[in-house]
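These notes concern the structure reproduced below.
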Amino acid sequence: MMRDLPMVSDPEKICIWAITPGGIILGEKLQAHFPGSDFMVSSGALGKNPLPVTAGLFNRLGTALEKDFKHYDGHICIFSTGIAVRLLAPLLHSKLNDPAVVVMDDRGLHAISLISGHLGGGNELAHRAAGATGATPVITTATDVNALPSIDMIAQKCGFVIENPQLIKTVNMAFLKREKVALVDPLPCLVKSLCEEFLEEPGQSGKKTVFIQCSDKVEPVPRETLVLRPKSLVAGMGCNRGTDQAELWALLCDSFEKHGLSLQSLAALGTTEVKADEPGLLDLARSLDVPILFYDKETLNSVKNIQNPSKTVEKFLGVKSVCEAAAILASHNGKLVVPKIKKGNATLAVARIEPDYL
């Protein structure tokens, strides 16, 4: 049987901020609807009232926000948008990794998605905060208010890595203009998430066409092409006892580069259950932030289409293959795109996940 040890992600971390008496009341209500959230209250808002037992205290809002801004996935700020804009502007870095910010008035009338509405989840957080308090969610992202797709949200939903996010706005603007985009999607992965009305017919691309490529292959693309990387590849790996992460990493990188494959498309590692305590492999999986799948002897031997069986491995482990068999199994019997490579103390094979499982 297979044993799956997924990487453990931290639960969602939300911080609620209040600087007025009314904000404290609203903040307590919000905290009850966001399990595990933190609630921070200004010392100046308390007056003679005691601090809520679940809340923390701060003296200067700007200092507290600067200190904790990056420590949370999202912030609900119960104060004016003007205050939020002035204090948060110096803290913003990128729409790809800034936490979501929702601003609410202290009467709970509006929940405004202010920062990181799409990839950061600000729009969703605004809807959730509104649902918890009876507020009206205020969403201003153009694709949402026009009921149009946004390529960044599609990519996030499908689990694609956006290789050149600076072109997100180019694609979304094409959607807003009702212009068609040229899509290269060989697996296919993206086409099922885009309506035909947004896609050009093959061979019809004009000079001003917007291009999207959704592929695990590293290859030349037209300039101004948004490149998406689906999680479509699995690396089966084997190694001698005590092989360190650096050697495994070098083999993985060299092999992907040689075969024109993107590491951003790596979905998982696979190996034998004998390696369930192998530090190098476990460290590699953690560094890549991918799950590592372990297979027992019977499961590995059930794979029939092994290209490079090993008599040595069969002698010591009782299996004809580790890396090729593990790659095929982890890809749901997908196609082997990189047969077994042996270098130093490690072996590697890569398989592409069957389209039905992407």
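The values are calculated or read from the model by the stated rules, or taken from the named source; none is laboratory data. Everything quoted here is computed from the prediction, not taken from an experiment. When we count neighbours, we look across all protein chains shown, and the Cβ atoms used for this are built from the backbone with ideal geometry, even at glycine. Note: accessible area is taken over every heavy atom of the protein model, side chains too, but ligands, DNA and RNA are not part of it. Shrake-Rupley method; radii C 1.70, N 1.55, O 1.52, S 1.80 Å.
Brief remarks on what is shown
- Set side by side, the residues LEU348, LEU300 differ, and just one is aliphatic (A, V, I, L, M), outside any loop (DSSP other than H, G, I, E, B), over 28 Å from the mean Cα position of the chain (by Cα) and under 22 Å from GLY242 (Cβ atoms), which is LEU300.
- Within segment 297-321, being surrounded by fewer than 17 Cβ atoms within 10 Å (Cβ to Cβ), under 24 Å from VAL337 (Cβ atoms) and among the small types (Gly, Ala, Ser) holds for one residue alone: SER302.
- Selection within segment 146-162 - open to solvent by less than 40 Å² (accessible area, probe 1.4 Å) and small (Gly, Ala, Ser): SER150, ALA155, GLY159
- Scanning segment 108-143 for residues that are over 21 Å from ASP98 (Cα atoms) and touching a His at 6+ places or on another chain (Cβ under 9 Å) yields ALA130, GLY131, ALA132, THR133, ALA135, THR136.
- A search for C-beta distances below 6 Å between a residue of segment 214-226 that is free of Cβ contacts under 8 Å to residues at least 60 places away in the same chain and closer than 14 Å to ARG352 by Cβ and any residue that is assigned to a loop (DSSP other than H, G, I, E, B) and open to solvent by 50 Å² or more (accessible area, probe 1.4 Å), counting only pairs 6+ apart in sequence or on different chains, returns SER215/PRO186.
- All positions within segment 322-350 that are closer than 22 Å to PRO279 by Cβ and exposed (fewer than 15 other Cβ atoms within 10 Å of the Cβ): LYS342, LYS343, GLY344
- SER43 fulfils the conditions (1) of a type outside the set (D, E, K, R); (2) in contact (Cβ under 8 Å) with a residue 24 or more places away in the chain; (3) open to solvent by less than 90 Å² (accessible area, probe 1.4 Å) except for a single criterion, (2).
- Qualifying residues in segment 83-115 (those that are charged (D, E, K, R) and free of Cβ contacts under 8 Å to residues at least 40 places away in the same chain) - the one nearest to LEU65 (Cα to Cα): ARG86
- Residue in segment 265-273 that is charged (D, E, K, R) and either surrounded by fewer than 16 Cβ atoms within 10 Å (Cβ to Cβ) or without any contact (Cβ under 8 Å) to a residue 60 or more places away in the chain (or both) present: no
- Residue that is nearest to the chain's Cα centre (by Cα), among those in segment 66-82 that are in a helix (DSSP H, G or I) and in contact (Cβ under 8 Å) with a residue 40 or more places away in the chain: HIS71
- In segment 49-64, the residues that are in contact (Cβ under 8 Å) with a residue 40 or more places away in the chain reach residues that are open to solvent by less than 100 Å² (accessible area, probe 1.4 Å) and part of a loop (DSSP other than H, G, I, E, B) with C-beta atoms within less than 9 angstrom, at least six apart or across chains, in these pairs: LEU61/ILE19; LEU61/PHE79.
- Tallying residues that are farther than 24 Å from VAL303 by Cβ and either touching a residue at least 40 places away in the same chain (Cβ under 8 Å) or of a type in the set (Asp, Glu) (or both) within segment 251-264 yields 5.
- Considering each residue of segment 188-205 in turn, none proves to be modelled with pLDDT of 95 or more, open to solvent by 10 Å² or more (accessible area, probe 1.4 Å) and in contact with a Phe, Trp or Tyr (Cβ under 9 Å, 6 or more places away or on another chain).
Rundown of residues vs (1) under 21 Å from GLN264 (Cα atoms); (2) of a type in the set (Lys, Arg); (3) modelled with pLDDT under 95, yes/no style:
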site: ARG286; (1), (2), (3): yes, yes, no
site: VAL290; (1), (2), (3): yes, no, no
site: LEU293; (1), (2), (3): yes, no, no
site: ASN308; (1), (2), (3): no, no, yes
site: GLU314; (1), (2), (3): no, no, yes
site: ALA326; (1), (2), (3): yes, no, no
site: LEU336; (1), (2), (3): yes, no, no
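- Exactly one residue out of THR143, THR136 is in contact with a helix residue (DSSP H, G or I) (Cβ under 8 Å, 6 or more places away or on another chain), surrounded by fewer than 22 Cβ atoms within 10 Å (Cβ to Cβ), over 21 Å from GLY22 (Cα atoms) and not aliphatic (A, V, I, L, M): that is THR143.
- Tabulated pairs, segment 130-152, first free of Cβ contacts under 8 Å to residues at least 24 places away in the same chain, second of a type outside the set (D, E, K, R), C-beta under 7 angstrom, 6+ apart or interchain: ALA130/ALA111; ALA130/THR136; ALA130/PRO137; VAL145/ILE139
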